[in-house]
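Values quoted throughout were computed directly from the atomic coordinates according to the rules given, and no laboratory measurement underlies them. As the structure is a prediction and not an experimental result, all values here were calculated from the model. Note: ideal-geometry Cβ built from the backbone for every residue, glycine included; neighbour counts use all protein chains shown.
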Amino acid sequence: MKFEFRFPDIGEGIREGTLVKWLVNLGDTVEEGQSLAEVETDKVTTEIPSPRTGRVLELKFEEGDTIEVEDVFVVIETEGEGEEPVEVENQPVDEGSAGVVGEVVASSEVIPSSNEGLDTTPRVSHKKKVLATPVARKLAKDLGIDITSIVGTGPNGRVMKEDILKAKEELSKPVAKPKALVEKLDIQYPKEAIERIPLSRIRKTIAEQMVKSRFTIPHTTAMDEINISKLVEFRNRYKDDLREEGISLSYLPFIIKAVIKALKEFPEFNSTYDEENDELVLKYFYHIGIATDTERGLMVPVLRDADKKSIVDLAKEIEDLTTRAKENKAELHELKGSTFSITNYGSIGGHFGIPIINYPESAILGVGRIVKKPIVKDDQIVIAYVLPLSLSYDHRIIDGASGARFLNLLKELLSNPDMLLLRS
């Protein structure tokens with residue numbers, strides 16, 4: 001019999017993917033669980049396994065095509081006669097958090113891609129009620145957007161939060177200049193000097209997340225420099241011995257330990273703001289996202305329950321997660337669920353930055369490059385190792401004084417590694 005395999009819902013609100021390549025050919029015999037194709041989603045590239053054993057009759061898409069959940073993906077001939085009906089359950093609507101991080105990316109959830117837009121055709125709505133999520137309704141009300149004028153991109157035409165943001169963006173665009181003036185100022189370039197490169201799925205997701213984070217969260221950033229000369233000495237004392245055990249000891253595990261201590265002291269930095277219910281959601285677990293530069297874009301693998309791990313354990317896990325993220329081998333569940341994120345732009349030479357919060361988190365720490373520089377200590381000018389830090393946080397729920405106190409505690413702990421280990 002013929003089995004129509006529909007593109008499955010792989011979770012996290014993902015509604016579509018791009019077919020990277022087929023792993024089988026027409027006429028091939030496949031086993032249940034054998035990979036049929038490689039598909040790229042907003043967050044990961046994954047292989048789709050066959051749910052049945054049989055012979056491949058049809059491959060419904062070409063490489064590079066976009067496949068939506070519930071589309072017939074592959075037709076497989078299995079034992080028996082006739083056609084086997086395939087039922088697909090309705091997919092849930094997810095208006096939860098999304099993300100690729102801040103200036104770094106991230107993410108805890110995934111934003112479903114869509115052809116979202118604003119219907120500008122003048123009309124009178126005769127509908128008594130628009131199909132929309134509560135979050136979208138509240139956002140439209142807050143922004144003064146007429147929700148009946150929005151074309152929903154969700155299931156069954158449901159208006160999503162992203163549709164409201166898109167409508168606001170369209171309304172905010174400046175009025176076009178007179179045609180004659182535009183033509184006069186337009187500078188023509190030879191076609192061979194211009195290259196157009198379509199954005200990858202993950203790059204489009206990053207762009208959407210940056211707009212969402214910046215538009216939704218009023219950012220403020222506090223910066224400071226920390227004398228970590230004692231920490232440098234402490235690390236140098238043990239790094240060679242650990243390297244012989246195959247462990248690369250960077251400064252990041254120490255920073256994570258200090259951050260967790262600060263998060264416990266100031267829990268509002270480890271929270272999310274529930275806009276619909278006007279509630280601050282404090283989280284007493286510590287999943288730390290680590291922004292990682294990859295060929296596909298900035299990924300944020302997550303160190304789960306980082307507070308329960310030693311410096312050495314953190315060093316091992318950081319190397320494992322970031323390496324697999326760079327090789328595109330990280331699992332989807334390893335790229336979501338962070339409660340606080342860290343971006344280490346110092347690894348490529350940056351000093352200070354203004355990181356963008358990994359929505360819907362409330363804060364993100366930017367780590368700059370450690371440099372030797374003269375400082376004043378006990379009224380004497382000395383050479384010290386200095387670590388620059390930038391802390392961006394949600395100013396709706398965190399005051400400037402709290403940001404300063406958070407950085408002050410980091411300074412106290414990182415400038416004295418003995419105290420850090422005693423208090424963490």
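Sorted fewest first by neighbouring Cβ atoms within 10 angstrom, Lys377, Lys230 come out as Lys377, Lys230. Kirkwood radius for region 202-423, taken over all pairs of different Cα atoms as the inverse mean of 1/r, rounds to 18.0 Å.
Would you mind ranking Arg423, Arg15 so that the residue whose beta carbon has the fewest other beta carbons within 10 Å leads the list? It would help to have the intermediate numbers written out before the result.
On the way: Arg423 15, Arg15 22.
Ranking Arg423, Arg15 by Cβ neighbours within 10 Å, fewest first, gives Arg423, Arg15.
Remark: region 194-208, residue by residue, has Karplus-estimated 3J(HN,Hα) of 10, 10, 10, 10, x, 5, 6, 4, 5, 5, 5, 5, 4, 4, 5 Hz, where x stands for each Gly or Pro and the curve is 6.51 cos²θ - 1.76 cosθ + 1.60 at θ = phi - 60°. Under 5 Å between amide hydrogens, built in the peptide plane, is the criterion, and for Phe73 it picks out Phe5, Arg6, Phe7 among residues at least 5 positions away or on other chains.
At 0.36 nm per residue, and after removing the present C-alpha to C-alpha distance, how many nm does the segment from Glu276 to Thr323 gain when stretched out fully?
Values: separation 47, 0.36 × 47 = 16.92 nm, distance 3.78 nm.
This chain segment gains 13.1 nm when fully extended.
Under 5 Å between amide hydrogens, which residues at least 5 positions from Glu16 or on another chain qualify, with H placed 1.01 Å from N in the peptide plane? Those qualifying (amide H under 5 Å, at least 5 residues apart or on another chain) are Val69, Ser113.
If I take all pairs of Cα atoms in region 301-424, what percentage of them are more than 24 Å from each other?
On the way: 2920 of 7626 pairs.
Tail of P(r) above 24 Å: 38 percent of Cα pairs.
Provide the net charge surrounding Tyr251, with neighbours chosen by a C-beta distance below 14 Å and charges set as Lys +1, Arg +1, Asp -1, Glu -1.
Details: positive: Lys230, Arg235, Arg237, Lys239, Lys257, Arg369; negative: Glu233, Glu319.
Overall, the nearby charge balance is +4.
What is the Rg over Rh value, at two decimals, for region 2-84, using alpha-carbon atoms and the Kirkwood definition of Rh? Over the Cα atoms of region 2-84, Rg/Rh equals 0.96.
Which entries of Lys161/Lys336; Lys204/Lys316; Lys257/Lys326; Lys204/Lys257; Lys283/Lys329; Lys230/Lys257 show an alpha-carbon separation above 27 angstrom in the structure shown? Mind showing how you got there, number by number?
Values: Lys161/Lys336 20 Å; Lys204/Lys316 31 Å; Lys257/Lys326 24 Å; Lys204/Lys257 33 Å; Lys283/Lys329 29 Å; Lys230/Lys257 16 Å.
As for pairs spanning more than 27 Å Cα to Cα, those are Lys204/Lys316; Lys204/Lys257; Lys283/Lys329.
Working note: Karplus 6.51/-1.76/1.60 with θ = phi - 60° gives region 345-351 the couplings 6, x, 5, 10, x, x, 9 Hz, where Gly and Pro are set to x.
Neighbour counts of other Cβ atoms within 10 Å put Ser50, Ser310, Ser402 in the fewest-to-most order Ser310, Ser402, Ser50.
Residues whose amide H falls under 5 Å from that of Ala37, counting only those 5 or more places apart or on a different chain, are Leu23, Ile48, with hydrogens built in the peptide plane.
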